[in-house]
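Novice: Please find one structure pasted underneath; my questions will follow.
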Amino acid sequence: MKRFGFWVKFLGILLFCFLIYKVGWRETIDSIKKVSIFHVFVGILIFWVAFYLKSLRWKVVSNSYGIPLKSFQAFRVFFIGIFLANITPGKIGDFARLFYIKDQLPSQKIGWSSLIMDRIFDLICLAFFSLIAIVYYQFHFGILKFPKNPWSLLLWIGVLLLVVVIFYLLRNKLIKVIQPWWNAFNSHNLKGYDGLKAIAITCLSMILIYGVFNYMAWVMNISINHLGLFLGAFILGILTLLPITILGIGVRETSLVIIFQLYDLSSQDAIALSLIIFLLQLLSLLPGAIWFYFSPVELSKLKRLE
């Protein structure tokens, strides 16, 4: 099963190779050359500011669970987590953050809960902006075609009912397993001002991260609707979470090509923009890589946190 999952991730790379074959390397490189080193540094700086904001949110979340995390410690460990998340399957390396603060954790369940809460903020923000993006693209391009066959709707209703029945039959066992974790997850005091602060930080960091697409498109003189590109970037963020790609390769390029085609723009510019963003993401991980080098942990020990 693990081998199957490993090879499935190469679907994204195969998709990327196919796109490059269809578009051509030379045309793509010509588009990449439009970006200067100065703008690359600006893009990296934007990512660093966004990661700093996310580290502040993690500090707020951790403090709400009684974890006495300090600002610089949160900043350093968060950068290490971001680096490890991008070099490990399923971004599991991000949970190695707990090793660096293990002496400050009230319990392992509290530690896991703080990281899960931290990720939930990202997922909610991604889902919110992605929903707005779907409405936007549906209004402008009518991309969603609703099935005319009623049997399709009945099939989905049947699947939903089956899931409800299975959950009902297994409810006692599920509650027994989930209850201790649920109690730990709800042991925070993230309410009022701190809750609003975490939400505001999340939105601002996400705007910076996905706004880099717009900044680089502007640098490349790509005449695209910037609201459409900005909202579309959030859909890309959702799609790159699919377990069929390594670091979003292939899925990100294909999605951008589709967005660019909606605006009658060239595929080579779409692929070039995607590769530039990918390069910026890799370079922005450098501080985390350096800090990890000086204070490494064995990722195999993640099982001890369960």
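Novice: Going from most exposed to least, what order do K70, K102, K197, K54 have by accessible area with a 1.4 Å probe?
Specialist: K70, K102, K197, K54
Novice: So between T88 and L131, what do we pick up on full extension, going 0.36 nm a residue minus the alpha carbon distance? Kindly include the intermediate steps, with their values, before the conclusion.
Specialist: Values: separation 43, 0.36 × 43 = 15.48 nm, distance 2.86 nm.
This chain segment gains 12.6 nm when fully extended.
Novice: Report L154's accessible area, 1.4 Å probe, all protein chains in place, as a number in Å² to the nearest 10.
Specialist: 100 Å²
Novice: Hey, another quick one. Let's test the formula: R0 of 25 Å, r as the Cβ-Cβ distance of S295 and R119. What FRET efficiency results, to the nearest 0.05?
Specialist: The computed FRET efficiency comes out at 0.65.
Novice: Applying the Karplus parametrisation 6.51 cos²θ - 1.76 cosθ + 1.60 with θ = phi - 60° to the phi angles of segment 56-66, what ³J(HN,Hα) value in whole Hz is obtained for each residue in order, glycine and proline being reported as x?
Specialist: 5, 5, 4, 4, 4, 5, 4, 4, 5, 9, x
Novice: Hey, another quick one. Taking square-rooted eigenvalues a ≥ b ≥ c of the alpha carbon gyration tensor, is segment 90-142 rounded, prolate or oblate, where a/c under 1.5 means rounded and, failing that, a/b exceeding b/c means prolate?
Specialist: Numbers: a/c = 5.98, a/b = 3.53, b/c = 1.69.
Since a/c reaches 1.5 and a/b is larger than b/c, the shape of segment 90-142 is classed as prolate.
Novice: Could you put W112, W58 in order of accessible surface area, largest first, with the 1.4 Å probe and the full protein assembly present?
Specialist: Numbers: W112 40, W58 0 Å².
Ranked from most to least accessible, the order is W112, W58.
Novice: So for V257, V159, what's the accessible-area order with a 1.4 Å probe, most first? Mind showing how you got there, number by number?
Specialist: Numbers: V257 10, V159 70 Å².
Sorted descending by solvent-accessible area, the residues read V159, V257.
Novice: Based on the Cβ-Cβ distance from L279 to V163, what FRET efficiency comes out when R0 is 45 Å, to the nearest 0.05?
Specialist: Computed FRET efficiency for L279 and V163 comes out at 0.60.
Novice: Any idea how far the Cα center of segment 74-135 sits from the one of segment 45-68, in Å?
Specialist: When both Cα centres are located, 10 Å separates them.
The values are calculated or read from the model by the stated rules, or taken from the named source; none is laboratory data. Keep in mind it's a predicted model, so treat the numbers as computed, not measured. When we count neighbours, we look across all protein chains shown, and the Cβ atoms used for this are built from the backbone with ideal geometry, even at glycine. Quick note on the areas: whole protein, heavy atoms, side chains included, nothing else; ligands and nucleic acids left out. Shrake-Rupley method; radii C 1.70, N 1.55, O 1.52, S 1.80 Å.
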